[in-house]
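Each reported figure results from applying straightforward, stated rules to the coordinates on display, with no laboratory input. Since the structure is predicted, the reported quantities are computational estimates derived from the model, not experimental observations. Note that each Cβ is placed from the backbone with ideal geometry, even for glycine, and that neighbours are counted across all protein chains shown.
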Amino acid sequence: MEYNFEETNTGVVNLSEHELAQLRQRVAELEALEAKHRETEEALAHERNLLRTLVDHLLEFVYFKDTQSRFVVANSAVAHLMKAATPEELIGKTDFDFYPADLAARYFAAEQQVITSGQPLVNHEEPVFHQQTDQPRWISSNKIPLRDSQGQIVGVVGLGRDITEWKRAEEALQQSKQRIENILESITDAFFAVDKRWRFTYVNQRAEQLLHKTRAELLHKSLWAEFPGVVHSKFNAQFRRAMTKQVTVEFEEYYEPLETWFKVHAYPYSDGLSVYFRDVTERKQAEAILAQRAAQLALINDIGSKIAAVLDLDTLLNRAARLVHETFNYHHVALFLLDQDRVRLKAIAGSYQTFFPPNHTQLISQGIIGWVVSNGQKIVANDVTQESRYISLIPDRTETQAELCVPIKVAGQTVGVIDLQSPRLNAFGENDIIAMEILTDQVAVAIENARLYQALQQELAERKQAEKDLQQSKTQLLNVLEHLDELVHERTAELSTANVQLQQEIIERRRVEHALRESESNYRLLMEQASDGIFIADYQGNLLEVNSKGCEMLDYTHAELLRLNLLSDLIPAEDLTARPIRMKELLAGKTILAERRFRCRNGTILPVEISAKMLDDGRLQAIVRDITERKQAQESLQRYAERVKTLQELDRAILAAQSPEAIAQVALHHIQQLIPFQQAAVVGFDFESYEAVMLAAYVSGQARVMVGVHPPLDMFGIAEELRQGSSTTSDNILSFVQPPLALQALGVEGNCCYINVPLVAKGKLIGGLSLGADTADAFTPEGVDIAREVADPLAVAIQQARLHEQIQRYAAELEQRVAERTAKLEEINDELNSFSFSVSHDLRAPLRAVQGFAGALLEDYTAVLDEEGQKYAQRIVDAAHRMDILIQDLLVYSRLSRSDLRLQPVDLDAVVTDVLTQLEITLQEQRARLKVEKPLPRVIGHYATVVQIVSNLVSNAVKFVPAGVQPSIRIWAEIIKTSPSETREAAVRLWVEDNGIGIEPEYQERIFQIFERLHGIEAYPGTGVGLAIVRKGAARLGGRAGVESHPGHGSRFWIELPQAVG
């Protein structure tokens, strides 16, 4: 808008009405604009005030610092953290005004890194210490660069929150977890826990032993995948029941893959299932053996009951042989009875039945059977080839590998044998032997009954004959004694009745006596065969019966024990006072299992485990087991734990020491906690100089030998013995005519015994450890083992200390060499820089001249040159161009080897875009089809170098294509994740795929070497340096390069670089 101002002679400006109206309108617009500006400023001030109030009342820390890390804005939370009265007190100050210098420097470095790099620092945890207090506070902070309208960084914005309580809670949680883990590792039960997806979350050491897998192999793995054998078993059903119904389950089950019985307790919890289990295989096997023995005894009793009713001897023996064969499925069963100087086969069953003639006999001087009959003792031959008394009666047909022959005794006299044979080695176990011994007793009773029955039958036959004779006499005297006929008949009837009753009484009496003997025999057999002591007492504890094991256990005779009281004589009084007998539970019919102490005959105390119960007849039965070995094992385990703990402390102390002398002194101090000694010495040997050095000595608390003295090894007479790696001990070192130097130091106070252990590191003897004591037999075998255990880490530590001293000396020499070599490298680097400058300027200058003059010839003197001359000039131009390209490639390759590349995140999308822009003309000329699969990830690298690498790969993809084929290029990337065992980070692999001529497998590594070409320059132009630049560049960026190709099917080149995080 324009205005026409005219000034009059009076100095007054005259305005037309129209102009005046426009001016007034403009003034009104300006006033409205000013009012709107004031409203905007007021609204902005209100917003600022609101923002300030909001920031000041936030619980989080909020501040803004300039590029020098000086506070510009801070809220009240920051002021409170830094012990400032108000936020304004912080303005213009830095962390150095409030924190210790080292802590403030760390904060300053972090903020400067954000300002310099332009990258935010997110969720950074750091401790905060104030000068006025030593209590740390943990802060989680975000530091974000702040930019102005031009994008320049003008400071850093900080946001943070106090996570101290969370940190403390996390620490408390870790301590709680550690306590739980310590408990789980110390219990004797195996333990593991699984989550709700049945993945292992914890496995203790005992579980590793029982499951034969390490904790690392199981953690986070599926229970069902690692142990497929439990899927269709009771384990599966019970575990799922506990997890589903949230109930505790307890069961025992056999796991076939491990050939083990487990007793399992499973407890559900909120996140899964806790499982405690132990190996009960031995108990199960013992129960199985007992069950098998009980079953065999039941079968024997059944056989005994079946043959007891048979009174005919031949029938009895045949039935016995047949029942044994059918019941126990033995290969061959035979019963022989003694007949003067021979044994006669009376019954046979099994495979050899048809091979023996009736009434077969053999001399009692022949074979196993004859020996058993003659000596009255059983023979168990589980391998007949090893039994000299074995004779086969049917050598052409026998299959016998094992034989069991048991005597049959009646009233202590051997009357026959039962003979069992098997075609299997080791066929007869302890249960078979016991069963057959019981069976022979029953057969003996049955034989005795049968013989008594035969004797009774003979007596009845004689009576019948007498009756017959009487009848004849009666007939003869009938005429004379007719009146006595009735009387004779009556008398005869009475005699017959009496005979029948007598027979019945005899049979019944024999049966009762047999049953009583059988019952008593079984009871005594069980009592005497029991591996535990069995004590039977009355209600007051007076012993009524004790088996042999109980007498043997307490070293009493049977008669002596029956005069004692189980409670008052065998259990110490102080034990009964401390733990009274739980008589109420016994009277209630409960079985009590408890550990007690018994007093033996010689006064020693025997630890036992008692299983006590009240029998139906009011007697007290106590099954007593000697648990001395168990107690000794527990005590040994406790001593071993203390020993391991001390050895661990020794290892840590040795690691903390620096010199060989300090290591030796620390070792002797800790050894004294494990082995009682009065004198000790650690000596080092040097067989090259043939000298020894006393590293440490301990003689009643004071050193007696000068540490650091280097006497010859001849003074240590034990050196050659130690060189061979053998430990020595002596009950009296004073027996040496001239004790070696180290032993003199141990023997001056009257030592009686010593231990001398070699110190061997990596198979090399480096010294010896000597311990002495002033009492005979002071060193136990366990003490000798401990000395040997200590010697190994002590030798390694001393050797490492010596190596450390050598390394320090070598380090000083290496520093000098490195300094000299660095100076030489710098000189060589300067020469390479000069050479590069010469190549790029001095060499390329004449080359450009040649190229220029040859071009001028072609342009200005074409008419003068004939066709051959023009061809030569063109070849000069082409050769000069190729030479220039080769020089440029060599310079690029040289710079890749020498340049200091600063690695930072690189956007591959931007790289590919730049490459396609550079090669746009080439791509258009070749009518190449190009496909880029975006987005491409970011990598760690050097931008220009990555562009050079990708450019070379794309150029080759366009170039190496068969004639007449349109180039097709595909660019994509993939993330290469590392396995848990690899230490490198994840990487990005960028692929450049073409439809070119392809590469033979044997050339796929060769093409990455400099100047390597597979084709003539006429077919495919190039310098042979491009792929060498690709591999060199990838290696300088911490990556790799490679190719996958098949002739005639194109190639897929790739580069792999570290992935950028964030």
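Partner lysines whose Cα lies under 18 Å from the Cα of Lys213, excluding those fewer than 8 positions away in the same chain, are identified as Lys221.
Note on Val156, Val644, Val682: ascending count of other Cβ atoms within 10 Å places them as Val644, Val156, Val682, the fewest first. Backbone geometry of the stretch 609-616 corresponds, through the Karplus equation with coefficients 6.51, -1.76 and 1.60 at θ = phi - 60°, to 3J(HN,Hα) couplings of 10, 10, 10, 10, 7, 8, 6, 4 Hz, x marking Gly and Pro.
Over 25 Å apart at the Cα level, from the set Lys143/Lys934; Lys263/Lys631; Lys378/Lys549; Lys177/Lys631; Lys245/Lys590; Lys167/Lys645, are Lys143/Lys934; Lys177/Lys631; Lys245/Lys590; Lys167/Lys645. Distance between the C-alpha centres of the stretch 207-242 and the stretch 896-950: 52 Å, rounded to the whole angstrom. Positive end of the dipole of the stretch 901-1058 (Cβ unit charges, origin at the Cα centre): among Leu990, Gly1039, Leu930, the Cα lying farthest that way belongs to Gly1039. Compactness check for the stretch 58-168: Cα Rg over 2.2 N^0.38 Å is 1.02. Footprinting exposure proxy ranking of Met583, Met694, fewest other C-beta atoms within 10 angstrom first, gives Met583, Met694. Proximity of backbone amide H atoms, modeled 1.01 Å from N, is registered between Leu930 and Ile969 at under 5 Å, excluding neighbours fewer than 5 places apart on the same chain. For the pair Asp312 and Asp569, a Förster radius of 35 Å applied to the C-beta separation gives a FRET efficiency near 0.05, rounded to the nearest 0.05.
Between Asn547 and Ile534, the built amide H atoms are under 5 Å apart, and every one of these is 5 or more places off in sequence or on another chain. The largest-to-smallest principal axis extents of the Cα set in the stretch 187-279 are 30, 27, 25 Å.
Across the stretch 187-279, the relative contact order, built from alpha-carbon pairs under 8 Å that are at least six residues apart, equals 29 percent.
Among the trypsin sites (Lys or Arg not before Pro) found in the stretch 541-587, those both in a DSSP coil and sparsely packed, with 11 or fewer other Cβ atoms within 10 Å of their Cβ, are Arg563. Remark: spin-label model distance Lys584-Gln918 equals 9.7 nm, labels positioned 7 Å along the Cα→Cβ axis. Charging the Cβ of each Asp and Glu at -1 and of each Lys and Arg at +1, and nothing else, the dipole of the stretch 187-279 about its Cα centre rounds to 360 debye. Mean separation of Cα pairs under 8 Å and 6 or more residues apart, divided by the residue count, gives the stretch 58-168 a relative contact order of 27 percent. Using a simple spin-label model with pseudo-atoms 7 Å out from Cα toward Cβ, Thr188 and Gln454 lie 6.0 nm apart.
In the stretch 65-170, what chymotrypsin sites (Phe, Trp or Tyr not before Pro) fall in a loop by DSSP, with at most 15 other Cβ atoms inside 10 Å? Answer by residue number: Phe129. On full extension, the segment bounded by Gln246 and Thr201 gains 14.3 nm, given 0.36 nm per residue less the C-alpha separation.
Computing FRET efficiency as 1/(1 + (r/R0)^6) for Thr164 and Arg106, where r is the C-beta to C-beta distance and R0 is 22 Å, gives about 0.75. Each residue of the stretch 551-561 was assigned a 3J(HN,Hα) from its phi angle through the Karplus expression (A = 6.51, B = -1.76, C = 1.60, θ = phi - 60°), giving 5, 5, 4, 9, 6, 10, 7, 4, 5, 5, 5 Hz with x at Gly and Pro. Mean projection of the Cα convex hull over all viewing directions, computed for the stretch 197-245: 3.6 nm².
Gain on full extension, evaluated as 0.36 nm per residue between Gln904 and Ile144 minus their Cα-Cα distance, stands at 271.8 nm.
Applying 1/(1 + (r/R0)^6) with R0 = 30 Å to the Cβ-Cβ distance of Lys177 and Gln209 gives a FRET efficiency near 0.85. For the stretch 909-916, backbone phi angles converted through the Karplus equation (6.51, -1.76, 1.60; θ = phi - 60°) give residue-by-residue couplings of 4, 5, 4, 5, 4, 4, 4, 5 Hz, Gly and Pro being listed as x.
Spacing of the modelled spin labels on Ala633 and Ser689, each 7 Å from Cα toward Cβ, amounts to 5.3 nm. Count Lys and Arg as plus one, Asp and Glu as minus one, and take only other residues whose Cβ is under 11 Å from that of Leu103; the net charge is then -2.
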